[in-house]
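Computed from the coordinates by the stated procedures, all read-outs in this text should not be read as laboratory data. Remember, predicted model here, so these are calculated numbers, not experimental data. Every residue, glycine among them, receives a Cβ derived from its backbone with ideal geometry; neighbour counts consider all protein chains shown.
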Amino acid sequence: MNHTLLRAIVGALLLGIIAGCSATGPSSHVLFIGNSYTTENNLSRLFADLSNAGRHPVAVDVVAVGGATLAQHLKSPDAPGRIASRSWDVVVLQEQSILPAIPSQRTTGMYPAVRQLVQKARNAGARPVLLLTWGRRDGLPDAGFNSYDAMQAQLTKGYQGIADELGVTVAPAGEAWSREVAQGRGQVLWQADGSHPSLVGSYLTACVLYATIYGESPVGLPAPGGISQEDAKLLQQIAYDTMLSDPARWRVLR
């Protein structure tokens, strides 16, 4: 075999190896910024597992502090620094659990922080996504919300208001939770404290993120240990139906 032919064969083999390696690497990068609602049950990993199973290879990163507001993240060097650290495809923003439901607090606290974080994400080439969270299981009577439904309605209004102003995508997890509550299956979404998500609640939220970010159904994708495939299929369908209820309203990405 002559040297020219040998070099051509070796070169082709190397290109094949390189192509094979890049094909197994992440095709997108998603950053989560939030608090314990994001870290509980490792939401970012649940989303990544769905994404990888759905042939959307993704790498995720998280900046989250228990109880933190987006205004506090903005003042800390961690979140702005992480946004600027690389080229992200999506930056998911999750606000503190009560603040968006109270008009005076969302307009003076949440909205200014969201405006700046959204701009930072866009400056980094990322598409910002607001993670619309869920109300407390029993509402929040001290704030005037005597039921879950009352609190959820205000949370949705709070997130929707700033999303409409900025033209930002919303992952409507709280609205998917509402559908589960209406079906009589809502109790399993919360932990005993009636605030933080159970594994089921976090998985439903991850399915909503999948449906919103990819514009695709998660139905049929694997479930984590602790959730049966039958229950997972119900959650996946609820997530997809919620997105499909008004994709223009949520500004689904794809």
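What the phi angles of the stretch 89-106 give under the Karplus curve with 6.51, -1.76 and 1.60, with θ = phi - 60°, is a coupling list of 8, 9, 10, 8, 10, 10, 7, 3, 5, 9, 3, x, 7, 10, x, 5, 6, 6 Hz, glycine and proline written as x. In the stretch 86-130, the C-alpha radius of gyration followed by the widest Cα-Cα span (Dmax) gives 11.5, 35 angstrom. Assuming a ≥ b ≥ c are the square roots of the Cα gyration tensor eigenvalues, decide whether the stretch 119-161 counts as rounded (a/c under 1.5), prolate (otherwise, with a/b larger than b/c) or oblate. Because a/c hits 1.5 or more and a/b exceeds b/c, the stretch 119-161 counts as prolate.
Take the Cα of residue 147, step 7 Å toward its Cβ, do the same at residue 76, and the gap between the two points is 3.6 nm. Label separation (residue 28 vs residue 108): 3.8 nm, computed from points 7 Å beyond Cα along the C-beta direction.
Here the Gaussian network model covers the chain, with springs between Cα atoms less than 10 Å apart; of 178, 217, 228, 228 fluctuates the most. For residue 169, the residues whose modelled amide H falls within less than 5 Å of its own, excluding neighbours fewer than 5 places apart on the same chain, are 130. Taking a ≥ b ≥ c as the square roots of the eigenvalues of the alpha carbon gyration tensor, the stretch 29-250 is oblate, as a/c is not under 1.5 and a/b does not beat b/c. For residue 29, the residues whose amide H sits under 5 Å from its own are 59, 89, 90, ignoring neighbours fewer than 5 places away on the same chain, with H placed 1.01 Å from N.
Considering only 34, 174, 66, the mean-square fluctuation computed in a Gaussian network model of the chain, springs between alpha carbons under 10 angstrom, is largest for 66.
Where in the stretch 23-108 are there trypsin sites (Lys or Arg not before Pro) that are in a DSSP coil and have at most 13 other Cβ atoms within 10 angstrom of their Cβ? If you can, show how the numbers build up before the last one.
Values: sites: 45, 55, 75, 82, 86, 106; in loops: 55, 86.
Those that pass, being in a loop and sparsely packed, are 55, 86.
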